[in-house]
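Inspection log for the structure reproduced underneath, given as C-alpha cells.
The values are calculated or read from the model by the stated rules, or taken from the named source; none is laboratory data. Remember, it's a predicted structure, so these values are computed and weren't measured experimentally. Positions of Cβ are backbone-derived with ideal geometry, glycine not excepted, and every protein chain shown enters the neighbour counts. The protein model used for the area step is the full one, side chains on, heavy atoms only, and it has no ligands, DNA or RNA in it. Shrake-Rupley method; radii C 1.70, N 1.55, O 1.52, S 1.80 Å.
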Amino acid sequence: MKYKQVLLSVILNAFLGYLWLLFILYVIESLDSAIIKAIIIILGTTLFGEIVGRIAPFHQYKFTHPLKLVSFSSCLVVVIIGVFMFDIV
C-alpha cells in the first residue's frame, strides 16, 4: 500500500462525504413534504453509496482492506464533523 493511494483515497472520500452533506442539506431546505424528503434522501443515499463503492481503483479491494477502511473512515469523519461541529444538517 503506497502513501499516494492512501492520500488519494482520503481526499477523494472526504470530498464525497462533503458532497453527500450538501445533497442532504439541499433536500431538507428545498422540499416541504416529509415523506418526499425521506424518499429522496433514501434513494439519493443508496445511489451515492453505489457510486462511492465503485470508485476506481478502490472497488477491487475487499471491505476489510486497510485502504478501503481508511477511505470509509475519512468519509465518515467529514460527515460527523459536518453534522455535529458545524451543524450543517
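Taking residues in region 1-26 that are within 13 Å of residue 74 (Cβ to Cβ), and partners anywhere that are open to solvent by 90 Å² or more (accessible area, probe 1.4 Å) and among the β-branched types (Val, Ile, Thr), the pairs with Cβ atoms closer than 9 Å and at least 6 places apart or on different chains are 16/51. Within the group 41, 55, 24, which residue is in a loop (DSSP other than H, G, I, E, B), open to solvent by less than 50 Å² (accessible area, probe 1.4 Å) and out of contact with any Cys (no Cβ under 8 Å at 6 or more places or on another chain)? Just one listed residue meets the conditions, 55. Here residue 15 fits the description: at pLDDT 90 or above and open to solvent by 50 Å² or more (accessible area, probe 1.4 Å).
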